[in-house]
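Q: Quick one: the structure is below, and I'll ask about it shortly.
Each value in this text was obtained by applying a stated rule to the coordinates, not by laboratory testing. Just so we're clear, the structure is a prediction, and the values are computed from it rather than from any experiment. Cβ atoms come from the backbone with ideal geometry, glycine included; neighbour counts cover every protein chain shown.
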Amino acid sequence: MKKNDPRLSCKLENISESITLKLNSKAVELEESGGDVYNLTAGQLPFRTMPEFVDALKQELNFIKSYQYGPVLGNPKYRKKVIEYTEKTRNIDFSKRDQEFDCAVSNGAKHTLSNIFGTILNLGDEVVLISPCWISYPEIIKLWGGVPINVRGHGHGTFTPVIYDVRKVVTPNTKAIIINSPNNPVGTYYSKEWMEELADLLVEFPNLIIVSDEIYFKLNYFDPQPTYFYQYRPELLDRTVIVDGISKSFACTGLRIGYCIGPKWIIDGISKLQGHTTAGPNSLVQNALANFDFDHLDNYLNPIKIHLRRNAVLLQEKFRASTLSQCWYQSTSAFYFLINLTLTPVFSKYKKNENDENDYAKQICMDLLEATGVVVVPGSDFYAHNCCRLSLVLEQERFTEALDRLTKFLTVV
Ligand code: PLP
């Protein structure tokens, strides 16, 4: 365990800092000194949000209520709308269940996840994660006294773990499991068959709480739409918390609105926690959301999805043309692609011998940046050994140039 400043809480000792931040500051340094930097680290859509949503925000500017405390769990009209929207888009019906469900709005999905784990975890409780996964999951779990248990997806193909491997780590004592589909950093969603199989496993563990992080739900650029385990076994809804928000699909990471829908007994717990930590999130933004027509979302996202699909196809073409086909898989959603560096020719320059299991991703990303100006995120930030993540959001011309530079670097021995 790394020792930190003795004046600080020991709770922080085991919490890692993101490597991405270091790389970003290096990239900024390079840019400021006149270098041509191709930043493929973006975790957000670089576009303006919907004009209709901007109008909805403007409408709220002159109301006193927009500047005052709102209810702890969020604006009731927005919460109701979000529940209806989730039922419609996921094809589920909470009223068919025997228990009550509710919604809690928080300051972004990250805060929502922190609230969920703060509400359900006791010291030493195990939470199963499927990696590669978003770096904040294990850190949030540790902050709340939990123990992350990692199931590795396969390095080849689409990084999807076999359900058999999940089964090996889930026990009757496991407190929760996180499912993130579409997935950051892989850029795919789990198949219908996988979700069905997962559902069959989850019903065997009646005390397990399932956290379904669906923040990239609207961002699938290849049909069909993602499906979820609870659609195959609706009884699982009774202990599932669905997480979503406006950061990714509204291109509004800075407005900090996320939410979860789950059984009322969990949402009541979140209410206690949120009531004494942050209180209800931004009133102005929630009021605008309460009056905003979510139907605008599809029109807004369609051209963005076409852009992401084009860049995904471009990536496939460039990888094929430069003998990198072995690291290619079909990305379908979110806006990421994960490269298994061990399958690239350049890796032989780093690996010392056959048994060398060290993680060289950080070094490779630094060398890539220095040699080509291309910035990608080392997989160590995602529990993805010797991998790096690139973002597909850059405009096409610069994305093409970035890919040319990247593929050249990866194929030089
Ligand atoms: N979940 C995943 C998988 C993410 O990738 C992110 C952000 O990158 C979040 C949650 C958090 O989103 P927010 O910006 O709403 O806090």
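Q: Show me 10-18, 74-82, 253-261, 309-317 ranked by packing, highest mean number of other Cβ atoms within 10 Å first.
A: 253-261, 74-82, 309-317, 10-18
Q: When the chain is treated as a GNM, springs tying every alpha-carbon pair under 10 Å, which of Q330, Q44, Q59 comes out with the largest mean-square fluctuation?
A: Looking only at Q330, Q44, Q59, the largest GNM fluctuation is found for Q59.
Q: Return W265, W328, W144 ranked ascending by Cβ neighbour count within 10 Å, so the fewest neighbours appear first.
A: The most exposed by this proxy come first: W265, W328, W144.
Q: Output the relative contact order of the chain, whole-number percent, from Cα pairs under 8 angstrom with separation of 6+ residues.
A: 24 percent
Q: What translational D, rounded to a whole number of µm²/s, comes out for the chain from Stokes-Einstein when the hydrodynamic radius is the Kirkwood one over Cα pairs, at 4 °C and 1.567 mPa s?
A: 58 µm²/s
Q: Counting only DSSP beta bridges with both residues in the chain, what percent are antiparallel, rounded to the nearest 5?
A: For the chain, the DSSP antiparallel bridge percentage is about 50.
Q: Tell me which GluC sites (Glu not before Pro) from the stretch 330-390 have a DSSP coil assignment and no more than 10 other beta carbons within 10 Å of their own.
A: E354, E357
Q: Rg (Å, one decimal) plus Dmax (Å, integer) for the alpha carbons of the stretch 149-234?
A: For the stretch 149-234, the Cα radius of gyration and maximum Cα-Cα distance read 12.7, 38 Å.
Q: Same structure, new question: First select every other residue whose beta carbon is under 12 angstrom from the beta carbon of W144; then total the charges, Lys and Arg +1, Asp and Glu -1.
A: With Lys, Arg at +1 and Asp, Glu at -1, the net is +1.
Q: In a Gaussian network model over the chain where Cα atoms closer than 10 Å are linked, find which of P224, P71, P234 has the largest mean-square fluctuation.
A: Between P224, P71, P234, it is P224 that shows the largest mean-square fluctuation.
Q: Taking 18 Å as the cut-off for C-alpha to C-alpha distance, list the pairs among K58/K80; K248/K305; K65/K264 that go past it.
A: Pairs exceeding the cut-off: K58/K80; K65/K264.
Q: While we're looking at this one, here's another question. Can you pull out the trypsin sites (Lys or Arg not before Pro) in the stretch 328-369 whose DSSP state is coil and whose Cβ has at most 16 other Cβ atoms within 10 Å?
A: The qualifying sites are K351, K352.
Q: Past the 27 Å Cα-Cα mark, which pairs from K81/K218; K318/K362; K110/K349?
A: K110/K349
Q: Any idea what Rg and Dmax come out to for the stretch 22-158 if you just take the C-alpha atoms, in Å?
A: Using the Cα atoms of the stretch 22-158, the pair Rg, Dmax is 20.6, 63 Å.
Q: Can you give me the relative contact order of the stretch 37-118 as a percent, contacts being Cα pairs under 8 Å and 6 or more apart?
A: This gives 24 percent for the stretch 37-118.
Q: How big is the gap, in Å, between the Cα center of the stretch 281-301 and the Cα center of the stretch 202-264?
A: Spelled out, the Cα-based centre of one part sits 18 Å from the other.
Q: Further question: Using 0.36 nm times the number of residues separating N355 and K168, minus their current alpha carbon distance, what extension gain do you get?
A: Value of the extension gain: 64.7 nm.
Q: What number, rounded to the nearest 500 deg cm²/dmol, is the helix-based mean residue ellipticity at 222 nm of the chain, given -39500 (n - 2.57) per DSSP H run of at least four residues and division by all its residues?
A: -12000 deg cm²/dmol
Q: Now for a separate question. In vacuo Debye scattering of the stretch 40-84, one point per C-alpha: log10 I(q)/I(0) at q = 0.19 Å⁻¹?
A: Summing over Cα pairs of the stretch 40-84 leads to -0.88.
Q: Build a GNM of the chain with springs between Cα atoms under 10 Å: which of A279, A104, A371 gets the top mean-square fluctuation?
A: A371
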